[in-house]
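What follows is a single structure, written as structure tokens, with notes after it.
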Amino acid sequence: MPRPIPPVADPAPLCTQSLTRAPLAPEPLLRRHKCFIPGDTRFRAAARLRQSLWREEQGLPAGLHRPRGNRILPHLPLGSTLPPADAARGLNFFSPSVNAFVRRSLILREEGAMVHYDRLHRNLLSSEPLTYNLFVPLALKLDLATAVFRQLLPAFVHRVTGIRFETSPGRHDPRYLADGTAFDAALSVITPDGEPATVFIEVKYSEGCTGPAATHRPRYDEASREAALHHSPDSPVLRSTLLEQFWRLHLLAQLAVRHSVTPRAHLLVLYPQLNRRVRTATHRYAAELSDPTGSSPALTGFSALTLETFVAALAQAGGSTEAAYLHHRYLNLQPVFDLILAEPTTPDRDPPPAGTPLLLPPPSSAASTADSVSAPVVPPPDDKAGPSRRQRQRPTATATAPSSGATARQPVRRLKGKVAVPALRTSARSPALHRQTQEVR
């Protein structure tokens, strides 16, 4: 088993994040640690390197994967995965008891539950094993779960009575969304008013809310109007790639109340503080809601909290060992920053791309919050593929050819409806960027 992380004497450091954004990881460093994947977002690349460093700390070899999932290509080492033998030993989980719980839950999982065994057991970067590492210790100690969620949702949770995983009130039931949508976890709770209720949970780690989106169904539009959760239930913003998953999950939670699966419900999203894309998406989604807090018992509330907040509450509730493990493995990117800082300076090498701000869909109402406006917003590359050609090209300093006849003119590319600009030259230093690679989840 991995070496246990020593308990923290003072949980205060777990409440803070010293870095203000994910560090930029250069390609040579990522390659040395066997975790360079073209198309990774800035946070995802840093998180992948963090998982590779954590695996190295445990003295474990890197697993193998096929680039782009192509069975014709040979297997290559990937630092953010485990070999099958180590995966079978449950080394992707916090402890043997968590691994045993996972085995039992998979045997008894709901009909239609979508569980990817390889991703759950071998992929260190996936949010699937993270969900179990977060909540199985609470499922085994419901008093600890109660103490944690009294801090996180004090107006909604008085006592936690049970936790289930990969759950849905009706995956393919036409009364719901009939599309297989499910929650990562669900907490059965008693509210401060003594009423049974459910906290539905979605966990994000390295995801960028960039799709692929679910195929739109007329049932989504019907449910959105019935739910009456949003300022404008027909808004295209809700159907955008950035927000549509939160929209579907919120509708599903509201339908669970409507069909008496639970008297009350609340949707909670957990994400790392430095994953700016998820932070932007959740702030933007909250701006679309008519009653985000769910002050009316008939309406399902919505909250988005950082994993750092969850880990701090866990430490303060008495789960210091679990909190230290989660913080060290998933949230502490300081080792990544230190490793990058120790890299030799190479002024002749292009710096790694810093990423671009997220391009948000226009708000459908005037209820947008200051956070959603001020958050860094710019379109992320598709996490399912490598960067686009435009993102891979090196910008030129000018759009005009040099006046000297001794210098060859750059070829001019003409775009329909646009001013002619010189064709951009691609860098020969990073040939891997010219090969699109499917994201390893």
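The values are calculated or read from the model by the stated rules, or taken from the named source; none is laboratory data. Since we're looking at a predicted model, the values are computed, not measured. A quick note on method: Cβ atoms are made from the backbone with ideal geometry, for glycine too, and the neighbour counts reach across all protein chains shown. Side chains are part of the model used for accessible areas, which takes the heavy atoms of the whole protein and leaves out ligands, DNA and RNA. Shrake-Rupley method; radii C 1.70, N 1.55, O 1.52, S 1.80 Å.
Heavy-atom accessible area, probed at 1.4 angstrom with all protein chains present, ranks C209, C35 as C209, C35, highest first. Remark: accessible surface ordering of S232, S260 (largest first) is S260, S232, probe radius 1.4 Å.
Residues whose amide H falls under 5 Å from that of G301, counting only those 5 or more places apart or on a different chain, are A265, L267, with hydrogens built in the peptide plane. Couplings 3J(HN,Hα) of the range 227-232, computed from phi: 5, 6, 8, 10, 4, 9 Hz, in residue order, whole Hz [Karplus 6.51 cos²θ - 1.76 cosθ + 1.60, θ = phi - 60°; x for Gly and Pro]. Phi angles across the range 26-32 convert, under the Karplus curve 6.51 cos²θ - 1.76 cosθ + 1.60 with θ = phi - 60°, into 3J(HN,Hα) values of x, 4, x, 5, 4, 5, 5 Hz, Gly and Pro given as x.
Placing pseudo-labels 7 Å out from each Cα toward the beta carbon at H116 and R71 gives an inter-label distance of 1.8 nm. Under 5 Å from the amide H of L78 lie the amide H atoms of G63, L64, H65, each residue being 5 or more positions distant or on a separate chain, with H modelled from the backbone and absent for Pro and chain starts. Label-to-label distance for S232 and R31 is 4.8 nm, based on points extended 7 Å past Cα in the beta-carbon direction. Of all DSSP beta bridges confined to the range 135-218, the antiparallel ones make up roughly 100%. Among the chymotrypsin sites (Phe, Trp or Tyr not before Pro) found in the range 89-122, not one is both in a DSSP coil and sparsely packed, with 16 or fewer other Cβ atoms within 10 Å of its Cβ.
For the range 177-275, with all protein chains in place and a probe radius of 1.4 Å, 47% of the accessible heavy-atom surface sits on carbon or sulfur. Surface composition of the range 20-61: carbon and sulfur atoms hold 54% of the protein heavy-atom accessible area at a 1.4 Å probe. Across the protein chains, with a 1.4 Å probe defining accessible surface, the residues E322, E226 rank E226, E322 from largest area downward.
The string of couplings for the range 72-79 from the Karplus curve (6.51, -1.76, 1.60, θ = phi - 60°) is 6, 6, x, 5, 10, x, 9, x Hz, one whole number per residue in order, with x for Gly and Pro. Think of the range 229-284 as having a plus end and a minus end, set by charges on the Cβ of Lys, Arg, Asp and Glu; of L274, V257, V237, L274 sits farthest toward the positive end of this dipole.
For the range 88-196, the solvent-accessible area of protein heavy atoms averages 43 Å² per residue (probe radius 1.4 Å; ligands and nucleic acids excluded).
The gain in end-to-end length when the R104 to D173 segment is fully stretched comes to 22.3 nm, 0.36 nm per residue minus the alpha carbon separation.
Taking 35 Å as R0, compute the FRET efficiency from the Cβ-Cβ separation of T345 and E57 and round it to 0.05. Plugging the Cβ-Cβ distance into 1/(1 + (r/R0)^6) gives 0.85.
In this structure the amide hydrogen of R159, modeled in the peptide plane, comes within under 5 Å of the amide hydrogens of I190, none closer than 5 places in sequence on its chain.
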